[in-house]
Amino acid sequence: MPALIDLRRRIKSVKNTQQITKAMKTVSTAKFKKAQRTLLEGRPYWHNSPALVGCLASWAEECKSPLFDEREERRIHVVVITSDKGLCGAFNSNLMAKTQTFLREKAKTSEVRLMLVGKKAVNYFRRQPYAVELAYTDKIEKISLGELKKIGRDMMRLYAFQKTDGVYIAYNEFKSILAPRIMLVRLLPIPVPEEETAGSVVPDWEPGEAKLLEYLLPLYVESQIYHAFFESLAAEQAARMMAMENATRNAEELISDLILILNKIRQASITKELLEIMTAVEAMAK
């Protein structure tokens, strides 16, 4: 019967899809464990470095870097980090929605320029009225630390020469396997804490205030770029892992429903044939 053939084909198709989602979940799980290990190793440094650099800046009053200068935001740069691929739930769409709201507000008073990392960001902002200064369309996993460092160096150069008045970074932070946390952080200017929070004890500088800040500030900005990138990478794999697990579970439920329908149709067909046989037997007996 055509109906039975169609159902069997559909069940086979869903089973093949289920095998693919299982394989993708396994791959994402392995990648997530690797990304999580890198993330947990770097988080203590990444989370504590802003407070450390802020204290150093408040202590070194006579050697202030231009990276600390607060200016009216007439031009801003926004670094957006997304994934290359889909099949990871609302990982990219939620980030794009929040970033778009932020850019719309900033565009009222500032000129907005973008630096995009990930094909999803490039494809999305291609249709938006914002200037794209730099776009990485290669695979996210193949981006080297040198390229991430270059982004940080470019941002510092633009801010130091007053070609931009603020640098922001938008990314997904890995909060838990269930859902990431969308982050929109101002990277430049570097915030300086109040004197009360910085402390009143001024250290003895070695080799000197200017030399120390000259070395630490680029290191700080680069580390925050690394932080955002690896947070996004871990959150992406976690989101894809959960999406594939849900897809596998939904496929299992769909297969069960289709098998139930198939059995009902087969039972109805058998019952119909039995009725026809019994009717023929009764007719022949008369």
field: Separation of the ILE277 and GLU147 label points, Cα + 7 Å toward Cβ, nm
entry: 6.9 nm
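Helices from the chain with mean Kyte-Doolittle at least -0.5 and a Cα length along the axis of 30 Å or more, per DSSP H: which?
Details: long enough: 2-59 (81 Å, -0.45); 209-285 (113 Å, 0.28).
For the chain, where a helix must reach 30 Å along its axis and average at least -0.5, the hits are 2-59, 209-285.
Could you work out the relative contact order of the chain, using alpha carbon pairs under 8 angstrom and six or more residues apart, expressed as a whole percent?
Dividing the mean separation by the residue count of the chain yields 32 percent.
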query: If we count every other residue with Cβ under 13 angstrom of LYS120's Cβ, Lys/Arg +1 and Asp/Glu -1, where does the sum land?
result: +4
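Which percent, to the nearest 5, of DSSP beta bridges fully inside the chain are antiparallel? Each step should come with its number before you reach the end.
Working: 7 of 23 bridges.
Approximately 30 percent, going by the DSSP bridge assignments.
Only the coordinates and a few stated rules stand behind these numbers; no lab work does. Because the structure is predicted, anything quoted here is derived from the model rather than measured. With ideal geometry, Cβ positions are generated from the backbone for all residues, glycine too; neighbour counts draw on all protein chains shown.
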